[in-house]
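Mind looking over this structure? Questions follow.
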Protein chains: 2
Amino acid sequence: MSSSLTVLEEKLDPRAKRTRHLILTSFQSLLTEKGFDAVSIQDIANHAEINRVTFYAHFSDKYALLEYAVRKAFISEIEKRKLDLCNYSPENLRTMILTVCEFLASIHTKCAQPHQQFEPLVEGIIKKQISELLAHWLIKSKLPTELPATVATWAIYGLAFHYSQLKIRPTLEQFVEEAFPLVAVNLEQFASE
Amino acid sequence: MSSSLTVLEEKLDPRAKRTRHLILTSFQSLLTEKGFDAVSIQDIANHAEINRVTFYAHFSDKYALLEYAVRKAFISEIEKRKLDLCNYSPENLRTMILTVCEFLASIHTKCAQPHQQFEPLVEGIIKKQISELLAHWLIKSKLPTELPATVATWAIYGLAFHYSQLKIRPTLEQFVEEAFPLVAVNLEQFASE
DNA sequence: AAATATAAACAACATGTGTAGTTTACTAGT
DNA sequence: ACTAGTAAACTACACATGTTGTTTATATTT
């Protein structure tokens with residue numbers, strides 16, 4: 001968890017950096033405007049003012065671009081709160097739940113038309129990050145962590161997703177207050193280590 | 001939950017029934033052989049010995065077919081164990097966890113190459129069924145059920161998915177013994193109603 | 001500044017998906 | 001048995017995706 005920069009960003013020629021940035025910002029703009037499903041590679045290329053084929057020098061497909069964009073954004077949120085530099089505690093768990101809720105609510109707002117294949121992909125990306133973070137938090141534990149961490153990962157994501165889909169939302173703080181015990185219950189043993 | 005037959009299957013002309021059946025069995029066969037991503041609509045049509053365009057009279061796309069196939073199979077498993085005809089109890093919860101584990105393990109075995117876009121779709125389909133079943137089980141409860149049911153849905157699916165991905169698997173019974181308390185802990189209050 | 005390396009543009013092409021209209025074959029009703 | 005309705009085959013087409021090879025433009029090295 002020490003370095004969030006990917007291979008994608010190391011020692012890049014300035015042209016490639018520029019192009020990648022154009023692709024990313026165009027994608028984000030079109031996502032907001034049209035929704036994931038309606039955005040084509042040609043749309044992205046037009047908006048970024050690059051040749052369509054150039055897209056494939058950077059990303060294998062639209063899904064790879066989504067993964068990159070979402071991961072980058074989420075890791076940024078994790079790092080902003082220093083969640084990657086701490087251990088398990090109820091307070092850190094609460095912050096993580098809150099972060100995921102905020103993130104998903106923001107995605108829900110920003111994406112014009114949630115589509116069948118968009119949300120599951122976002123889920124996969126975020127759950128992987130949550131899972132790695134929990135594994136990191138619990139690394140020193142002498143107790144078996146695998147199943148509790150698995151359940152916690154899915155529960156956190158499930159709750160946050162539920163929150164993001166609510167038509168009438170309670171305040172985030174209120175929601176997290178109710179959600180927290182449902183997750184924390186399976187992680188209690190790790191708080192007293 | 002009383003009727004699992006969909007609109008798709010009511011008052012169908014025999015030709016359409018035949019064609020649908022051909023599509024479904026061809027799909028299942030190709031899924032096993034090539035994996036979801038590698039199967040094209042033309043492949044399915046060839047295997048089923050129908051015209052490719054005819055496919056679209058029945059399913060909007062490959063994903064719609066997957067949803068139909070997986071839902072049908074899963075509902076069949078639920079009905080086999082009469083899980084749709086009971087209420088919440090720890091024993092029924094245990095059976096549900098076991099059923100989902102078995103189902104996902106079988107999918108994992110049957111599908112030649114799990115692909116990025118396949119598993120998330122399966123997940124969406126199965127979670128929806130779990131969620132509806134839990135809602136049905138807890139319908140008479142006077143306590144708030146929404147968040148505990150949400151967490152339980154995701155936890156059940158998460159555990160079953162985890163089990164299906166294990167390279168070295170414990171026995172299913174053993175796994176369910178360990179998994180059960182992690183799910184049941186949030187549903188205890190409903191068992192004593 | 002010139003030479004070399006590399007990213008991006010360009011052109012051409014193959015493949016799969018999805019739509020629309022017409023004709024043929026099968027089913028249901030009389 | 002005949003008629004009307006409907007499912008499937010057929011044809012043609014548009015569109016998006018992804019690959020390949022060549023040329024042009026930009027960045028780095030000498």
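Using a 1.4 Å probe and ignoring any ligands, DNA or RNA, find the accessible area of residue B:137 and quote it in Å² to the nearest 10.
Answer for residue B:137: close to 10 Å² accessible.
Based on the Kirkwood radius over alpha-carbon pairs, what value in µm²/s does the Stokes-Einstein equation return for the translational diffusion coefficient of chain B at 37 °C and 0.692 mPa s? If you can, show how the numbers build up before the last one.
Numbers: Rh = 18.0 Å.
D, rounded to a whole number, is 182 µm²/s.
So what's the back-of-envelope 222 nm ellipticity for chain A, counting only DSSP H runs of four-plus at -39500 (n - 2.57) apiece and dividing by all residues, rounded to 500?
-22500 deg cm²/dmol
Which of the trypsin sites (Lys or Arg not before Pro) found in the range B:55-94 are loop residues per DSSP with 16 or fewer other Cβ atoms within 10 Å of their Cβ? Working shown, then result.
On the way: sites: B:62, B:71, B:72, B:80, B:81, B:82, B:94; in loops: B:81, B:82.
Loop-located and lightly packed - B:81, B:82.
Give me the summed buried accessible area for the B-A pair, 1.4 Å probe, to the nearest 100 Å². Walk me through the intermediate numbers first.
Values: alone 10920 and 10910 Å², together 19550 Å².
Using a 1.4 Å probe, the pair buries roughly 2300 Å².
Note down the accessible area of residue B:168, probe 1.4 Å, to the nearest 10 Å².
Here the accessible area works out near 150 Å².
Which residues, if any, in the range B:132-154 lose at least 20 square angstrom of accessible heavy-atom surface (probe 1.4 Å) when the other protein chains sit next to their chain rather than the chain being alone?
Listed by number, the residues meeting the 20 Å² cut-off are B:146, B:147, B:150, B:151, B:154.
In the range B:64-191, what percent of the accessible surface is made up of carbon and sulfur (1.4 Å probe, ligands and nucleic acids excluded)? Don't skip to the end; give the middle numbers.
Values: 3140 of 5660 Å².
The C+S portion of the solvent-accessible surface of the range B:64-191 is 55 percent.
Work out how much length residue A:64 to residue A:135 would gain on full extension: take 0.36 nm times their residue separation and subtract the Cα-Cα distance, in nm to one decimal.
Contour length minus Cα-Cα distance gives 23.1 nm.
Still on this model: With every atom except the alpha carbons ignored, what do you get for Rg and Dmax of the range A:36-146, in angstroms?
17.0, 54
With labels modelled as points extended 7 Å from the Cα through the Cβ direction, what inter-label distance (nm, one decimal) is found for residue B:42 paired with residue A:79?
About 4.5 nm, to one decimal.
Let me ask something else. Strictly over 26 Å apart at the Cα level, which of A:34/A:62; A:34/B:17; B:34/B:82; A:80/A:128; B:11/B:127 would you flag in this model? Walk me through the intermediate numbers first.
On the way: A:34/A:62 14 Å; A:34/B:17 37 Å; B:34/B:82 33 Å; A:80/A:128 18 Å; B:11/B:127 29 Å.
Beyond 26 Å between Cα atoms: A:34/B:17; B:34/B:82; B:11/B:127.
Sort shortest first the distances from residue B:91 to its counterpart in every other copy, using label points 7 Å along the Cα-to-beta-carbon line, and give them in nm.
Shortest to longest, the spacings are 4.7 nm.
Also: Would you rank B:49, B:119, A:123, A:146 by solvent-accessible area, highest first, keeping every protein chain in place and using a 1.4 Å probe? Kindly include the intermediate steps, with their values, before the conclusion.
Details: B:49 160, B:119 50, A:123 15, A:146 110 Å².
The ordering from most to least exposed comes out as B:49, A:146, B:119, A:123.
For the protein assembly as shown, what is Rg from Cα atoms divided by 2.2 N^0.38 Å, rounded to two decimals?
Numbers: Rg = 22.3 Å, N = 386, 2.2 N^0.38 = 21.2 Å.
Dividing the Cα Rg of the protein assembly as shown by 2.2 N^0.38 Å gives 1.06.
Stokes-Einstein at 37 °C, 0.692 mPa s, Kirkwood radius from Cα pairs: D for the range A:9-59 in µm² s⁻¹?
296 µm²/s
On average, how much accessible surface per residue is there in the range A:64-191, in Å², for a 1.4 Å probe, leaving out ligands, DNA and RNA? Display every interim value, and only then the final one.
Details: 5650 Å² over 128 residues.
Spelled out: the 1.4 Å probe surface of the range A:64-191, per residue, equals 44 Å².
The values are calculated or read from the model by the stated rules, or taken from the named source; none is laboratory data. All values derive from a computational prediction rather than experimental measurement. Glycine also receives a Cβ, built like all others from the backbone with ideal geometry; neighbour counts cover every protein chain displayed. Calculation scope for accessible area: heavy atoms of the full protein, side chains included, ligands and nucleic acids excluded. Shrake-Rupley method; radii C 1.70, N 1.55, O 1.52, S 1.80 Å.
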